[in-house]
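*Asks:* Can you read through this structure? Questions will come right after.
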């Protein structure tokens, strides 16, 4: 990962998986690393994977905009596939810091994973969790942010969320989660749209994301 000042964090993990005959393993393997103390700005995240068993190599990159948590800003919305079997393993920094923590054992659990082209063609429909983070001074003390959410097909509104989104604290932000049950959307081409009326702001924040 690299920020605008060319500061970089290199991470490398090596793992081996073996499955018993007839046993079903995890749907996803997640290599995880938490970085703290990052400054607001735009970061470039690149990931590269090599499967030595079949000698295949692939990679992808993405830009991550990290807002100032003291200002009224938002991250998302991010559509996630709900309830997938996940194997979570460490993603160590390279070179390892002198005070590095011991490597954690792999943990198998269930939870949401990113949706995208690589998984949008899964057999059958899937439930979605749509996550947005709202940040700003005092946001966690606000009884309920004024947030309108809807699903649209083109310019047509096909669904709204009248009830409050599930809310959880995330540092100086709150995390809002809406759930779409499997089979609710019968086709692709839908868009989730969020409109946040910020306290003492002249204009709202409007965000949207395409749904798989």
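The values are calculated or read from the model by the stated rules, or taken from the named source; none is laboratory data. Values in this document were obtained by computation on a predicted structure and should not be read as measured data. Here the Cβ positions follow ideal geometry from the backbone for every residue, glycine too, while neighbour counts run over all protein chains shown.
*Asks:* Tell me which of these residue 160 doesn't satisfy, since it passes every other one: (1) buried (at least 18 other Cβ atoms within 10 Å of the Cβ); (2) modelled with pLDDT of 80 or more.
*Replies:* If we test residue 160 against (1) buried (at least 18 other Cβ atoms within 10 Å of the Cβ); (2) modelled with pLDDT of 80 or more, just (1) comes out false.
*Asks:* Ok, one more. Taking region 91-131 as the region of interest, how many residues are closer than 21 Å to residue 46 by Cα, in a loop (DSSP other than H, G, I, E, B) and modelled with pLDDT of 65 or more?
*Replies:* 6
*Asks:* Got a number for residues in region 172-205 being part of a strand (DSSP E or B) and more than 21 Å from the chain's Cα centre (by Cα)?
*Replies:* At the first step, the residues of region 172-205 found to be part of a strand (DSSP E or B) are 173-180, 190-197, 205.
Filter once more, keeping what is more than 21 Å from the chain's Cα centre (by Cα): 197.
Of the residues in region 172-205, 1 are part of a strand (DSSP E or B) and more than 21 Å from the chain's Cα centre (by Cα).
*Asks:* Still on this structure, I have one more. Taking residue 184 as the residue in question, decide whether it is over 30 Å from residue 71 (Cβ atoms), exposed (fewer than 15 other Cβ atoms within 10 Å of the Cβ) and modelled with pLDDT of 85 or more. Break it down into steps so the answer makes sense when it comes.
*Replies:* Details: over 30 Å from residue 71 (Cβ atoms): yes; exposed (fewer than 15 other Cβ atoms within 10 Å of the Cβ): yes; modelled with pLDDT of 85 or more: no.
Answer is no for this residue.
*Asks:* Exactly one of (1) modelled with pLDDT under 80; (2) in a loop (DSSP other than H, G, I, E, B) is unmet by residue 68. Its number?
*Replies:* (1)
*Asks:* Looking at region 155-171, I want the residues that are at negative phi and part of a loop (DSSP other than H, G, I, E, B) and have a partner that is exposed (fewer than 13 other Cβ atoms within 10 Å of the Cβ) and modelled with pLDDT under 75 with Cβ atoms under 8 Å, at least 6 apart or on another chain. Which pairs are those?
*Replies:* Going by the 8 Å Cβ cut-off, the qualifying pairs are 164/144.
*Asks:* Just one of 86, 78 is modelled with pLDDT of 85 or more and surrounded by 12 or more Cβ atoms within 10 Å (Cβ to Cβ); which is it?
*Replies:* Working: 86 fails: modelled with pLDDT of 85 or more.
That would be 78, the only listed residue that is modelled with pLDDT of 85 or more and surrounded by 12 or more Cβ atoms within 10 Å (Cβ to Cβ).
Results for (1) outside any loop (DSSP other than H, G, I, E, B); (2) surrounded by 15 or more Cβ atoms within 10 Å (Cβ to Cβ); (3) on the phi > 0 side of the Ramachandran plot, shown as yes or no for each residue.
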{"position": "29", "(1), (2), (3)": "yes, yes, no"}
{"position": "36", "(1), (2), (3)": "no, no, no"}
{"position": "44", "(1), (2), (3)": "yes, no, no"}
{"position": "47", "(1), (2), (3)": "yes, no, no"}
{"position": "53", "(1), (2), (3)": "no, no, no"}
{"position": "58", "(1), (2), (3)": "yes, no, no"}
{"position": "63", "(1), (2), (3)": "yes, no, no"}
